[in-house]
Amino acid sequence: MSSDTKNDNTNLKVEKGTLFLGMPFTTLNNDTFHALFNYASIGILITNSNGEIQMANRYIDQQFGYSTNELIGKPVEILIPSRFSHRHVHHRERYSKDPHSRPMGLGMELAGMRSDGTEFPVEVSLGHYSINGENYALAFINDITQRKETEQAIIQLNAHLEARVKERSQSLALTVEQLGQQIKETERKDAELQRVNTFLNNIWNHAGAIIFVCDADGVLQFFNPAAEKALGYAANEVVGVANVASFHEREELVRKACELTDKTGQPVAPGFDVFRVTAGLPGNTNREWTYCRKDGEAFYVSLNVTPLLSTDGAVSSYLGVAIDISEKKRAEAELLAALEKEKELNELKSRFVSMASHEFRTPLSAVLSSAYLLSRYQKAEEQPQREKHIQRIVSSVTALTEILNDFLSVGKIEEGQVQARCTEYDLCKQISEILNDVQHLLRKGQIINYQHPGDNNMVYLDASMMRHIIINLLSNAIKFSGEDTEILITSDIGEHTITLTVKDSGIGIPPEDVQSLFRRFFRSSNVTNIQGTGLGLHIVAKYTEMLNGRIECRSTLGEGTTFELNFNKIINNTDVI
């Protein structure tokens with residue numbers, strides 16, 4: 001780089017007047033480059049092989065607190081905390097001998113130092129080029145202070161959520177403890193009922209809990225009004241006839257009998273034997289059970305069965321007290337659902353921040369670097385290099401557009417703003433047009449083979465949704481298949497069903513991942529190094545569901561994947577089935 005260009009950030013000239021893909025295109029002129037370089041929202045600087053700063057844009061000056069051109073000619077170590085300067089000189093010299101590109105996001109913790117000595121976290125992407133035999137290093141420097149603060153905020157949010165879970169767990173434990181205390185209080189009152197007959201009648205007739213007394217075999221002897229109301233039986237229907245075990249679910253009794261058999265080592269029958277054995281176990285005998293009303297409706301109770309002793313110390317009967325805990329169980333279920341929802345939302349936020357920061361940064365960096373490098377190719381014979389970077393910019397912008405469209409689609413679907421609008425149209429014609437649109441995505445040697453048996457091409461579906469579904473499935477097939485491979489797409493319009501199949505011979509999907517393919521942000525474990533948001537198949541599944549269709553995935557690891565979609569055939573908005 002000449003001395004003239006050292007002190008003038010705008011002294012780079014490019015030519016105008018070329019055509020690309022049949023469209024007029026004008027390369028960067030001096031003013032445009034000046035605008036891109038000095039008004040870019042990321043710090044850009046260029047150093048020579050000795051580490052001296054040759055060019056620095058305004059964003060760099062603002063980031064590090066220097067005035068215009070103040071950094072020109074200074075060693076790049078002026079921007080690095082002093083404790084790292086010596087080590088950085090060694091790294092720079094080694095990089096100068098073996099220059100190579102290094103993208104952002106490699107997990108390294110880097111820091112920059114402002115002119116006032118304060119430090120801040122940065123992310124650095126390195127590139128290199130040569131002019132007239134002189135090597136230059138190109139650095140993109142991004143202030144990630146806000147991202148670090150966001151990450152810290154997420155950590156604090158997680159801690160807050162954990163604290164809330166702990167607080168609610170403690171509250172639930174307190175509720176259970178209070179319920180136990182209530183049952184103990186009821187047991188105390190039951191003992192008093194045995195000693196005071198008047199008090200017994202008062203409690204018996206007005207207690208809110210289900211209270212019953214049964215003989216040693218479980219046959220009911222007394223059945224209080226609360227029990228009549230809760231279970232739907234009149235006392236004269238069950239006293240002396242029904243066994244208390246008849247109020248319980250049979251499956252629940254069988255399950256509990258098996259547990260007690262294993263615990264005691266003695267066979268326990270799935271009837272009143274369950275309550276007799278439970279009452280004889282040490283410790284708290286409160287158990288949660290499912291009661292069945294006379295009309296078949298089930299509800300939850302906390303039941304305590306206590307043996308009543310005769311004067312000789314033998315068990316003569318049993319006292320049962322059951323409290324309806326349906327509201328408590330419902331509250332527990334709602335609490336658990338809310339906690340799971342909070343965890344899910346927190347996970348989605350974390351995954352969105354992580355994914356978005358990566359997926360947006362990569363194409364934006366590609367656009368910026370390609371735009372800069374385009375300005376360096378000024379000769380006519382350098383047209384291939386210019387076309388390469390133009391295509392890179394086009395691909396990056398397309399990728400960003402697809403990501404944004406996916407975000408918008410998911411948001412609209414979740415908010416219920418997307419409705420299927422079906423019309424009758426030619427499916428074969430639509431697929432043929434889509435095949436032309438995705439040709440630029442094909443890898444070297446890849447081909448798409450389209451087959452449609454029969455002469456019937458007309459369907460009654462939402463054309464926009466179907467276009468999104470087909471493009472997404474084809475894009476995935478192309479992305480996850482190698483060079484010189486065939487992708488087969490088949491449409492078949494039968495008498496009652498429309499079938500669409502996309503089959504590739506790519507890397508395949510691990511069996512344990514197939515069931516999770518259609519979840520938001522899910523990406524298979526074997527594609528982490530391939531760009532993607534994990535939203536495409538989620539949107540495909542949602543659109544298929546809106547069209548009353550079914551989607552099925554069949555895959556063999558290393559051999560390929562097949563997606564098959566089936567829709568009921570509809571004519572003029574009337575289901576033919």
Checklist outcome for this item: Footprinting proxy, His34, His496: sorted fewest to most Cβ within 10 Å, the residues are His496, His34
Checklist outcome for this item: For Lys343, the lysines lying under 17 Å Cα to Cα, once residues fewer than eight places off in the same chain are dropped, come out as Lys166
Next on the checklist: Under the rule of at least 5 residues apart or a separate chain, name every residue whose amide H is placed under 5 Å from the amide H of Leu461.
Outcome noted: Thr423, Tyr425
Checklist entry - Across the range 74-84, in residue order, what do the Karplus-derived ³J(HN,Hα) couplings come to in whole Hz, using 6.51 cos²θ - 1.76 cosθ + 1.60 with θ = phi - 60° and x for Gly and Pro? => result 7, x, 4, 5, 5, 8, 10, x, 4, 5, 10
Item to check | Label-point separation, Glu151 to Glu545 (7 Å along Cα→Cβ), nm | outcome: 3.4
Item to check | Cβ-defined net charge surrounding Thr490, 10 Å radius [Lys, Arg +1; Asp, Glu -1] | outcome: -1
Next on the checklist: For a 27 Å ceiling on Cα separation, which of these pairs sit above it: Lys74/Lys148; Lys184/Lys263; Lys388/Lys542; Lys256/Lys329?
Outcome noted: Lys74/Lys148; Lys388/Lys542
Checklist outcome for this item: Given backbone amide H placed at 1.01 Å from N, residues whose amide H is under 5 Å from that of Ile487, ignoring those fewer than 5 places away on the same chain, are Ile447, Ile448, Asn449
Item to check | Under 5 Å, built H, 5+ apart or other chain: amide partners of Thr497 | outcome: Lys569
Checklist entry - Measuring from label point to label point, each 7 Å out along Cα→Cβ, what is the Asp31 to Asn568 span in nm? => result 6.3
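For each of Thr561, Thr261, count neighbouring Cβ atoms within 10 Å of the residue's Cβ, then give the residues from fewest to most. Mind dumping the intermediate values first?
Numbers: Thr561 25, Thr261 15.
The fewest-first ordering by Cβ neighbours comes to Thr261, Thr561.
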Checklist outcome for this item: Descending packing, highest mean Cβ count within 10 Å first, for 179-185, 36-42 is 36-42, 179-185
Checklist entry - Under the Karplus relation 6.51 cos²θ - 1.76 cosθ + 1.60, θ = phi - 60°, what is the ordered set of whole-Hz ³J(HN,Hα) values for the range 165-181, x standing for Gly and Pro? => result 4, 4, 4, 5, 5, 5, 5, 5, 4, 5, 4, 4, 5, 5, 5, x, 5
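Summing +1 for each Lys or Arg and -1 for each Asp or Glu, what net charge is found among the other residues whose Cβ lies under 13 Å from the Cβ of Asn284? Before the final figure, lay out each step's value.
Working: positive: Lys184, Arg287; negative: Glu177, Glu187, Glu288.
Cβ neighbours under 13 Å give a net charge of -1.
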Item to check | J(HN,Hα) series, the range 324-340, from Karplus relation 6.51 cos²θ - 1.76 cosθ + 1.60, nearest Hz, glycine and proline x | outcome: 5, 10, 4, 5, 4, 5, 5, 5, 4, 4, 5, 5, 5, 5, 5, 5, 5
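Quick one: which of 547-558, 215-226 comes out on top by average Cβ neighbours within 10 Å, and what's the full order, highest first? Walk me through the intermediate numbers first.
Numbers: 547-558: 15.3, 215-226: 17.4.
Result, highest mean Cβ count within 10 Å first: 215-226, 547-558.
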Checklist entry - How big is D for the range 419-575, in µm² s⁻¹ as a whole number, if Stokes-Einstein is applied with the Kirkwood radius of its Cα pairs at 20 °C and 1.002 mPa s? => result 134
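Read the figures in this text as sums done on the coordinates, not as results from a lab. If you're wondering where the values come from, they're calculated on a predicted model, not measured in any experiment. Because the Cβ atoms are built from the backbone with ideal geometry, glycine has one as well, and the counts that use them run over all protein chains shown.
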